[in-house]
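Q: Please read through the structure below; I'll follow up with questions.
Quick note: the coordinates plus some simple rules give every number you see, no bench work behind them. The model shown is predicted, which means the values in this text are computed figures rather than measured ones. Cβ placement follows ideal geometry from the backbone for every residue including glycine, while neighbour counts extend to all protein chains displayed.
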Amino acid sequence: MSRNKLDVTIGNVNEVYDGPGGILWEMLMGDQIHVGGSEETGILAGKAGIDPDSHVLDVCSALGGPARHLVQTYGCRVTGLDATRRMHEEAIRRTKEAGLDGRIEYRLGNALDMPFPANTFDVVWGQDAWCYITDKKRLVEECARVLKPGGVLAFTDWLETGPMTEDEWLALNTFMVFPYMETLEGYAALCESAGLNVAEKEDLSTDFAGNIQMYLEKLQNDLRQGVIDNYGLEMYDEVERGITLWRDASAAGKVGRGRILARK
Ligand SMILES: C[S@@+](CC[C@H](N)C(=O)[O-])C[C@H]1O[C@@H](n2cnc3c(N)ncnc32)[C@H](O)[C@@H]1O
């Protein structure tokens, strides 16, 4: 990456997910706050080989939607790690309510300094969240450290996929509160340099562009009045402007999304 990174701290990310940002993303995407919902979780789980014996670490587990889906579908055990208190507490509450607290544990903490010993998990997992993290090298090294030998790192993330102007780069990352986005090749290189073998890397950008268009239409049609009533017209306009930027950039092949599987 030749560009600089924006100065995004964990405090900035907490502000998003403790505040209206987290609620808005849930309104757009559901309690699995990533592109593709439970269908995407199923694809990633199949590729990672999750079964009833698996202990999965979900890095940036947010509301715990994917953790509950994994436990209900595959009978595995999940530990969720997230740094935002509202997400952490909400995940615990919803998981108790679903009667799944015996198989899911949540920890409040930073993915750059994971509160787990080395060689703990069969699968280390992430969905559309690592774009918030500045030091992705350290993040992937932490993932590799806590994976058991033979274990699988399985994740999706939002990516930079094509050339863009400095102004576009700044506007896209600023709206999302991302320090920068990795490329698919960049992530593969980070995995390899952390001692993992990349088994699969897939560019999902066409599907991503379709989803961003769908979120924009959902905002403009179903959610418009609710967002204005709760947060005001200025906030609605800001969100619509930002998602339109992302819709245009994804349709032009400048930003996208990818899926990576790597083995320790
Ligand atoms: C898009 S949401 C994640 C969605 C979740 N993976 C899912 O599929 O439902 C982003 C989450 O990442 C968390 N996060 C961002 N940076 C983090 C970090 N350094 N350590 C732990 N959590 C972090 C935020 O608190 C937020 O809950």
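Q: In vacuo Debye scattering of the chain, one point per C-alpha: log10 I(q)/I(0) at q = 0.07, 0.08, 0.13 Å⁻¹?
A: With one equal scatterer per Cα and no solvent, log10 I(q)/I(0) is -0.22, -0.30, -0.82.
Q: Net charge near Asn110: determine it from the other residues with C-beta under 11 Å of the C-beta of Asn110, scoring Lys and Arg +1 and Asp and Glu -1. Walk me through the intermediate numbers first.
A: Details: positive: Arg107, Arg138; negative: Asp82, Asp113, Asp135, Glu142.
Result for the neighbourhood of Asn110: -2.
Q: Once each part is reduced to its C-alpha centroid, what is the distance from region 39-68 to region 230-254 in angstrom?
A: Comparing the Cα centres of region 39-68 and region 230-254, I get a distance of 29 Å.
Q: Normalised by the number of residues in the chain, what is the relative contact order in percent for Cα pairs under 8 Å and 6+ residues apart? It would help to have the intermediate numbers written out before the result.
A: On the way: 463 pairs, mean separation 52.6, N = 264.
Relative contact order comes out at 20 percent.
Q: OK, next. Under 10 Å, Cα contacts only: if you run a Gaussian network model on the chain, which one of Gly162, Gly126, Gly109 comes out with the highest mean-square fluctuation?
A: Of Gly162, Gly126, Gly109, the most mobile in the Gaussian network model is Gly162.
Q: Could you calculate, for region 37-112, the ratio of the Cα radius of gyration to the Kirkwood radius, expressed as Rg to Rh?
A: Working: Rg = 11.5 Å, Rh = 12.2 Å.
Taking Rh as the inverse mean 1/r over Cα pairs, Rg/Rh reads 0.94.
Q: Can you tell me which of Val152, Val198, Val59 moves the most in a GNM of the chain? Springs connect C-alpha atoms under 10 Å apart.
A: Looking only at Val152, Val198, Val59, the biggest GNM fluctuation is shown by Val198.
Q: Next question. Between Phe116 and Lys218, how high is the FRET efficiency from 1/(1 + (r/R0)^6) when r is the Cβ-Cβ distance and R₀ = 41 Å? Nearest 0.05.
A: Working: r = 37 Å, r/R0 = 0.90.
Result of the calculation: an efficiency of 0.65.
Q: Karplus couplings for region 153-159 from phi (6.51 cos²θ - 1.76 cosθ + 1.60, θ = phi - 60°), rounded to Hz, Gly and Pro as x?
A: Karplus values, whole Hz, x for Gly and Pro: 9, 10, 8, 10, 7, 7, 10.
Q: I'd like the distance separating the alpha-carbon centroids of region 76-92 and region 137-180, in whole Å.
A: 20 Å
Q: Once both labels are modelled 7 Å past Cα along the beta-carbon direction, what's the His55-Asp101 spacing in nm?
A: My value for the distance between the label points is 2.1 nm.
Q: Can I ask one more? Picking from Asp101, Asp229, Asp157, which is most flexible by a Gaussian network model of the chain using Cα springs under 10 Å?
A: Asp229
Q: About the Cα centre, and with charges only on the beta carbon of Lys, Arg (+1) and Asp, Glu (-1), how big is the dipole of region 10-263? Nearest 20 debye, please.
A: Numbers: 24 positive and 41 negative charges, 159 e Å.
Value, rounded to 20: 760 debye.
Q: Set the bar at 30 Å for Cα to Cα. Now go through Lys47/Lys137; Lys201/Lys254; Lys47/Lys136; Lys5/Lys96; Lys5/Lys148 and name every pair that lies beyond it.
A: Working: Lys47/Lys137 23 Å; Lys201/Lys254 18 Å; Lys47/Lys136 23 Å; Lys5/Lys96 39 Å; Lys5/Lys148 32 Å.
In this structure, Lys5/Lys96; Lys5/Lys148 lie more than 30 Å apart at Cα.
Q: Please work out the FRET efficiency for the pair Arg86 and Asn197, using the Cβ-Cβ distance as r and a Förster radius of 35 Å; give the result to the nearest 0.05.
A: Working: r = 37 Å, r/R0 = 1.06.
So, using R0 = 35 Å, E works out to roughly 0.40.
Q: What's the exposure ranking of Ile92, Ile50, going from fewest to most Cβ atoms within 10 Å? Present the calculation step by step, with values, prior to reporting the outcome.
A: Values: Ile92 17, Ile50 25.
Least crowded to most crowded, the residues run Ile92, Ile50.
Q: Here's something else I'd like to know. Over the alpha-carbon set of region 193-264, divide Rg by the Kirkwood Rh and report the Rg/Rh ratio to two decimals.
A: On the way: Rg = 16.9 Å, Rh = 14.2 Å.
Ratio value, two decimals: 1.20.
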